[in-house]
Every structure is written in structure tokens, then in C-alpha cells.
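Everything below concerns the one structure shown next.
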Ligand code: BGC
């Protein structure tokens, strides 16, 4: 039945595609712009929050939500608004029906009141699934997706999110985050694809393809939004929206490539970094927003500000003396749309600036043309919202299974002393703050912005504990001993725990993001350390399960535990996936997409520069991670042999790298074959190693496969001192699993 639905779905998609492509020809943007007043053009560049036009008002919305008709009419008739966003900060996730009521009301009023009948573009943060629609499929957060190293699995998640977001009537998604996760303190680390450029680029490609498909006019696709251009993820202090110091060379080497990949993949919109780089707020930076983004990268889509960021040029960054000056700065720097979002001051000020001759109308035209083109390509001029009945697969089991597949492949086995895992036919004692919490599996952007409210959690999903209790091959007992921040002294847990064969301790981090998620210490909380220390006194094998927003330091407890399953934020199906790893139904195959730090004051990435001369080792090696980038164990073992390279020299052709991988254990498993290179001598100090290719493959016990990679000169390129991407001639060492061979690049 489901299969038939799928076939039907693709037929409907293809038909709808044809229909919309044909109709799109009918909107003449030039003619439309000719009819528009300055006020209407500025309106198109204005995005307000739903709270501005809904009952209850900003941050006080009711659930279900209703639109306040007179406020909406004012927004349309007086301010000609072009876009609305989000679910409203104080309310939780809303039903599919409620979304359709809201959006139908908006579009009906707009049809009556908009002089030129320009549709309103609705945008939302569907960060890991359509997380503001009840019953939608939630996926593991981006950092977990990257840990699968499996782009085709990850892509399905983006396709499903596009489908369910459109099912909610919303055609524009503020996702994916393309900032590189190189600052472990940063509260949005979990929203990234990790620290490595190559892996993040691989995931970027599938994210954009999954969201947008071949055409965003397809009613099952959305326009993606690359976030947050540029350098947002590397605040010097680690605290969100605080200054970053990043040289132009490093911006291009580390932070730009994901955006370049997305732009090449035709990502349609981009959101700007709220912070400042080297003293210039990005919202006022013409070099980044126009010279780099438009002139150099050729981006033709819509650039939207982040939340209230034009005003922040006055009250936070203090580069503008008042809001009017800030609006002028941002528009001249290259902003197309202002996520204003709580009032219409931006709109009023921009109209004034144009009328007073401070901003030419031709500058508005550039942005308005981009916005109208986006609306046209989304098919909004023909049909702003499709019927719910067109989306029969919304929230179906098959989609939940796609989420489960990502969850089971992200989970990373970091330690497994004496084969503590998997657990079979044994009694386990389960405890810890993450053991029985859906919120700690999901993290922020789940039903609410910060994801801490429990009332909106999707019914029927299982926590780690609930999933373990369903397993008949083990006996599970549980005790609520500690929250993240306090240890419950009164509990008599030790008497229960002592009866178990093994103990599973699930620790976590309170869901949070943005400024709310700023922390002063990357170590796990004292209460959780104490919990593990107490349990250790029982002398039972300890299994640690970690559900963190960022790599919280576990170096004090790591020696005390026998096994570690690192689960990231695996979301609604994560409880099942973790339980299946614990009992061995799933053989873990996730690999860390970041370097796991061991000490709170020693963050060094795997692709660091050489720290010291090996001949004069003062024992000061800066690189002492808890676990290496790309690390992850399995319940089986893999043996690498027959490493060969087709040629010892490389000019403008390709070389073929080959290696045989064998599963030498007793269970089937997946391995990620990772290819690194080391540029032995370069004009810019080279990294000790850098990922340049990888492949994930599954092997049965005793099975072996030959894995091939083709590499060309561009795979060894870097940004030189003149900010140009080049490959220098010289020796390059290719490294696979500690085996090395040198080639000569001509
Ligand atoms: C975040 C963005 C988000 C926007 C809209 C901002 O505070 O930085 O990532 O898309 O809000 O909710």
C-alpha cells in the first residue's frame, strides 16, 4: 500500500511540475516591477514574525494560533509586506490544520488587499524535520547526520523535510547551517556538519539537492537557505554572536567552501551572520555581501538578514548612530530582505531613505527582482498553498524509518573494553538524565525554539529507556538518580544497580541554542561526573551513552567506563537506535565528524599544522584529543591491505587509489574508508593531514572488497597568500588507515 502511495506521489510530483513550469511563464517580473511603488518594493524586502499579525502578539501567542485580521490587513495594505516567518517564539509546534488555517487566511487577505497580487512568502526554521508541525518526522540534528558519513541516507531526510514543510503550506526553509563546526564551545555546534571541509561539503550537496530537487516549483520541494554567511561559527570567545577574528585566507580555506558548494548546487537563498568579523559586522560588510557573494561567487538568489540584525548595527555593534543609518548601511552592503521582524520601522526608514535620495530606487529593484523571481520559481503566483490531501505521506512510518536509519548510522562507538557491548541475555541497570527524556535526544529547534518544553513531544516515540524495556533479550531496571545539574542523594539506586550485570548511564546536555546556549565550561556537569563515580564503586561494567549539543569534555569519567556510545542528538527515533546498538541488533558505524577535545583549554583540530619538530619533542605536543576526527569503533574488525596508487606522479589527469578492506570479525558491519593527504612542503604551512575522499561500505564476516578512489590535483588545493585556490607541485603523501604512499604532483 505504502509503495503504491509512493508511486502515486511521484506521479503527482511530475504532473504538478509540468503544470507549474507551464504556468510560471505567465508572470512577467519586469512588467510587475514597473507597476510597483517604492512602498511596495520596500514591502517586498520586509519580513515580519508571525507574532506581529497573530492573536496574542509577539512572544505571547496562543496554541492553536489565529491571525488577527486587522493587524494582518494593516501589514498588507499599509506596509505591503513580502514575507512572514516562523511559529512565534512563545508558542509550541502547531497542527497541520492550524498551519493551513493561518496560511489560507494570510493568502486570502493578501489576494484581496495586495494591489499587484504579489504572494507573501512564508519562511520557517525546519531545522531537523518540519519541527514546528505536530506529527512531522524529526531527523537527527546536522552534526549527527554528518557522523553517518552516509550522504544518501542523509539526503532522504532533506527530501522528507521538504515534503513535510510544503505539506504545512510553507515553501521556504531556513536550513541548512553551513557554518563549519570548529569551535566546540559554540552553542550551535550541533547544527553544523562538523569541523571538516570535505565532509561538510559532501553533506551540503545532498542537503541542497534534497530540499530543492530539480526545481523549487515542485510542490514537494522548498527553497533552501544557506546559513549564516560568513564565519558565524567561529566566535573567538565561543559565545554566540560575539566577534570572530578570521583572516581572509582562513575564511576562504575553511568557512567559504560549503557555501560555494551550495551556490553551485543552486541554493536559492542565504542568511547573513549576525556577528562581526575582524571588527566589521557582516550585515554592513559590502566586501562579503556584494564583492564576494555576488561578484565573485555569482550568487543570484535572495540574501535575508538574521533576526533583527539591521537594528543590531546600532545597539550591539555600534557602527551606526541610529536605525536609519543602519538600514542604509545594510542595504548598500547588499541585503535583499530584512528579517525585521517585530515592527515596521525598517520599512518606514527604507522608504524615507529612497525618497530622500540616499538610496537609489534602482538599488531596491535589484533586490525586489530577486525576491519576485524566487516567488515565481516557487510557483507562488499560481498557487500559494497546496491542499493537505496532496501530502498523504506526512508523518508516515516509512518516514520515521528513514529517520531511524540516520540515527542508527550516526551512533559512534568510542570505547568498548573487553567487548562490554553488545549486551545479550543480561540484566542492565539504566540511569542518567538522558535515559528517559525525548528532549535530550532531540535538542533545540524541536517543537519550540529551545526545545525544552515537554508538552509538544511527538506521541508514541521512545526514550532510550522505553526502547530498552521492549527488548526481550535483556532485563532492564531503571532509577532516576540525577538530573543534569543535581544528584539525588536520597535515592537507593545502589541496591538496585548492584543486581545488574551491566550499567547503562545516559548523560546529556540541556537542549539550547544561540545565546541561550552559551556556556562557561565545556566539562560535563559535576552531578553527572558524580553519578558515574558513584556507579563505578559497584565494580560493574559501565556503558556510557552521551547525548550532547557539543563535545562536552568527558576526560574525568572516560577512564571509569568500559564502553561509550556517542549519540549526538539522534532525535525521535534515537532511543530505538541506541537500544538497538546496545543489544547488538545494530552494529555501530558512525565516525566522529569533529576532533573530540580532551581538555577544556586545548582545542586543536585534526587538520592542525605541525606543532613541533619531531626530533625535539618536549612532550608538548599540542594535539591530544580525547578521540580523533573520523574515529569510531565497530563490533567487528576491518583489515586494510594492498594499498596501491596507479601512478607515482600526477599532472592534469587523475590517479587511482585502491585498497582492500576485509571484515575479519564475526558480524557484518559498515566501515568508512577515509583518504587523507599530507602536503609535505607548501607555501602556506600545510596541515598534518586533511580528508580528501572517503567511502562507506558494508561487509559481511570474512568478506573483502576493493575500494577505489580517483584523485586529481584540485583535491590537494589550498588558498595561497594571494587568496587564490592553487595546487602547488611537490610531494604529497596519501594516507589510508595508517598506510602511506608518496606521489609527486607535477
Ligand atoms: C537564528 C537563525 C534563524 C532565525 C529565524 C535567528 O535567531 O540565528 O538561524 O533562522 O533566528 O528564526
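Coordinate-derived values only; no laboratory data. Quick caveat, the model's predicted, so the values are computed rather than measured. Ideal geometry is used to build each Cβ from the backbone, glycine not excepted, and the neighbour counts take in all protein chains shown.
See the values below:
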{"quantity": "Quotient of C-alpha Rg and 2.2 N^0.38 Å, computed over the stretch 24-387", "calculated": "0.92"}
{"quantity": "The stretch 436-508: Rg to Rh, with Rh as the Kirkwood radius over Cα pairs", "calculated": "1.01"}
{"quantity": "Between 0 and 90°, nearest 10: helix 197-212 axis offset from the chain longest Cα axis", "calculated": "50"}
{"quantity": "Kirkwood Rh and Cα Rg combined as Rg over Rh, evaluated for the stretch 638-745", "calculated": "1.04"}
{"quantity": "Proxy reagent accessibility, fewest Cβ within 10 Å first, across 399, 623", "calculated": "623, 399"}
{"quantity": "Ordering of 344-350, 115-121 by burial proxy (mean other Cβ atoms within 10 Å per residue, highest first)", "calculated": "344-350, 115-121"}
{"quantity": "Along each principal axis, Cα extent of the stretch 157-303, largest first, Å", "calculated": "42, 32, 26"}
{"quantity": "Percent RCO, i.e. relative contact order, over the chain, from Cα pairs under 8 Å lying at least 6 residues apart", "calculated": "13"}
{"quantity": "Added length on full extension, which subtracts the Cα-Cα distance from 0.36 nm per residue, residue 667 to residue 249", "calculated": "145.9 nm"}
{"quantity": "FRET efficiency, residue 684 to residue 387 (Cβ-Cβ, R0 51 Å, nearest 0.05)", "calculated": "0.35"}
{"quantity": "Mean Cβ neighbour count within 10 Å, used as a protection proxy, ranking 692-700, 201-209 highest first", "calculated": "201-209, 692-700"}
{"quantity": "Förster radius 41 Å - calculated FRET efficiency between residue 322 and residue 29, Cβ distance, rounded to 0.05", "calculated": "0.75"}
{"quantity": "Residue exposure sequence - 228, 100, 317 - by fewest surrounding Cβ within 10 Å", "calculated": "100, 317, 228"}
{"quantity": "MRE, 222 nm, helices only [DSSP H, n ≥ 4, -39500 (n - 2.57), over the chain, to nearest 500]", "calculated": "-8500 deg cm²/dmol"}
{"quantity": "Crossing angle, helix 323-333 versus the chain [Cα axis fit, 0-90 degrees, rounded to tens]", "calculated": "70"}
{"quantity": "Ranked list, fewest to most other Cβ atoms within 10 Å of each Cβ, for 187, 486", "calculated": "486, 187"}
{"quantity": "Length added when fully stretched, residue 642-residue 117, from 0.36 nm per residue minus Cα-Cα", "calculated": "182.4 nm"}
{"quantity": "Label-point separation in nm, residue 560 to residue 741, each point 7 Å along Cα→Cβ", "calculated": "4.7"}
{"quantity": "Angstrom value of the Kirkwood radius, inverse mean 1/r, which spans all Cα pairs in the chain", "calculated": "27.0"}
{"quantity": "Dimensionless Rg ratio for the stretch 405-548, taking C-alpha atoms and the 2.2 N^0.38 Å reference", "calculated": "1.07"}
{"quantity": "Estimated FRET transfer efficiency (residue 723, residue 352; beta-carbon r; R0 30 Å; 0.05)", "calculated": "0.20"}
{"quantity": "Cα pair distances in the stretch 125-226, grouped into 10 Å bins until the bin that holds the longest one, percent each", "calculated": "17, 51, 27, 4"}
